[in-house]
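The values are calculated or read from the model by the stated rules, or taken from the named source; none is laboratory data. Quantities reported herein were computed from a predicted structural model and do not represent experimental measurements. Methodologically, a virtual Cβ is constructed for each residue, glycine included, from the backbone with ideal geometry; neighbour enumeration extends over all protein chains shown. Just so you know, the surface numbers come from the protein's heavy atoms only, side chains and all, with ligands and any DNA or RNA stripped out. Shrake-Rupley method; radii C 1.70, N 1.55, O 1.52, S 1.80 Å.
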Amino acid sequence: LILSYEFGAGGYTFTTQDVLSEITSTTTIPVFGLFDSVYGRGIVGGYMSRASSSAELVGEFALALLYDEPIPDPVLPYNYLFDGSELDRVGIDRDLLPPDSVIEFETFSLWRTYRSQIVAGILVILFQALLIFALAISLRKQKSVRTALKEQAQDLSVQKKLFESVINSIPDAILITHIDGTIYAANRSTKDVFGFEPEQLMGKKASDLIRYRDDEQRQQEQAMLESQDGVPTPIILRFKKRNGDTFAGETIGTKIISSEGEELGYFSLIRDITGRLVEEQEQQQSQKMQALGKLVGGIAHDFNNLLMAILGN
């Protein structure tokens with residue numbers, strides 16, 4: 001580039017700024033130069049020589065001449081120097097510049113200055129967003145599970161109340177035991193049948209309420225519980241009340257089996273048939289007397305016929 005020269009009859013001198021202004025105003029392509037002294041005057045940059053480096057080289061030459069030393073070979077210190085503001089103006093991507101380029105007069109750019117931090121921040125924000133999204137999905141699932149469990153608990157509570165109301169409405173005593181025969185549930189009718197409140201029977205053995213007379217009754221009870229056709233056969237056992245009295249109880253028992261086939265315990269229903277047995281005995285006695293009366297009447301009738309025949313003769 002021409003630093004200055006005369007032009008015209010009037011001796012007008014064009015400065016470097018004048019020349020550069022004329023060039024940059026008449027072209028849209030980037031303008032490159034050779035010296036860093038033209039920075040800030042529309043020059044994008046180039047393979048430039050720094051004035052300070054050239055001055056240092058001249059100083060070395062002068063010292064060599066002064067002390068009569070060998071003069072070094074002149075190697076101008078050129079570097080890739082670029083004006084950051086001009087790069088932005090003409091739209092040159094910095095990734096296209098040589099790797100050892102020096103960019104001066106750099107305009108502040110948040111993206112260029114903090115690119116790595118911005119990328120890291122965006123990644124952190126995305127990770128946090130994904131984490132929050134996953135947490136929201138997890139919370140929604142937990143809420144759905146809690147709602148389902150709550151509804152299930154309510155259903156179980158309703159079923160339990162329904163079951164309790166059903167078994168408590170039965171006038172016969174109902175005992176539900178574990179597989180070892182320990183009572184863990186009973187209805188209110190146990191108060192009328194055995195004299196025990198349901199709570200007082202919890203933890204007791206069901207066999208403690210039975211007064212076995214012989215091994216045959218135990219065998220009958222076991223056969224009833226192990227019925228293969230699913231229809232238990234009623235048997236009559238002697239039971240003990242809280243006050244020590246005994247009564248005849250018609251008993252129906254069956255195993256409680258889960259849907260997986262596991263034996264969970266036993267269900268037993270006991271009905272006090274003392275009154276019924278008394279009535280049956282009275283009815284049997286009445287039938288016996290009626291039969292005896294008919295027999296006596298028949299004999300008397302036959303005897304009367306014989307007596308009439310004898311008297312007639």
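Summary table
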| quantity | calculated |
| --- | --- |
| Flag if Gln200 is part of a helix (DSSP H, G or I), more than 19 Å from Ile235 (Cβ to Cβ) and over 41 Å from the mean Cα position of the chain (by Cα) | yes |
| One residue from Leu130, Leu162, Leu123 being closer than 30 Å to Leu209 by Cβ, open to solvent by 100 Å² or more (accessible area, probe 1.4 Å), part of a helix (DSSP H, G or I) and free of Cβ contacts under 8 Å to residues at least 24 places away in the same chain | Leu162 |
| Members of the stretch 19-74 that are touching a helix residue (DSSP H, G or I) at 6+ places or on another chain (Cβ under 6 Å), over 21 Å from Asp100 (Cα atoms) and of a type in the set (A, V, I, L, M) | Ile71 |
| Enumeration of residues in the stretch 165-200 that are farther than 24 Å from Ser258 by Cα and open to solvent by 80 Å² or more (accessible area, probe 1.4 Å) | Ser169, Pro171, Arg188, Lys191, Asp192, Glu199 |
| Given (1) in contact (Cβ under 8 Å) with a residue 40 or more places away in the chain; (2) touching a helix residue (DSSP H, G or I) at 6+ places or on another chain (Cβ under 7 Å), index of the condition Val90 fails | (2) |
| Qualifying positions in the stretch 27-44 - farther than 14 Å from Asp88 by Cα, buried (at least 18 other Cβ atoms within 10 Å of the Cβ) and hydrophobic (A, V, I, L, M, F, W, C) | Phe35, Val38 |
| Candidate set from the stretch 57-103 (those that are assigned to a loop (DSSP other than H, G, I, E, B) and modelled with pLDDT under 85); member that is surrounded by the fewest Cβ atoms within 10 Å (Cβ to Cβ) | Asp73 |
| Identity of the residue in the stretch 242-266, open to solvent by 60 Å² or more (accessible area, probe 1.4 Å) and closer than 24 Å to Gly195 by Cβ, that ends up farthest from the chain's Cα centre (by Cα) | Asp245 |
| Residue satisfying all of: in the stretch 43-56; at pLDDT 80 or above and either assigned to a helix (DSSP H, G or I) or of a type in the set (Phe, Trp, Tyr) (or both); nearest to Val31 (Cα to Cα) among these | Tyr47 |
| Candidates Tyr78, Tyr67, Tyr114, filtered to the one that is closer than 29 Å to Glu22 by Cα and of a type in the set (Ser, Thr, Tyr) | Tyr78 |
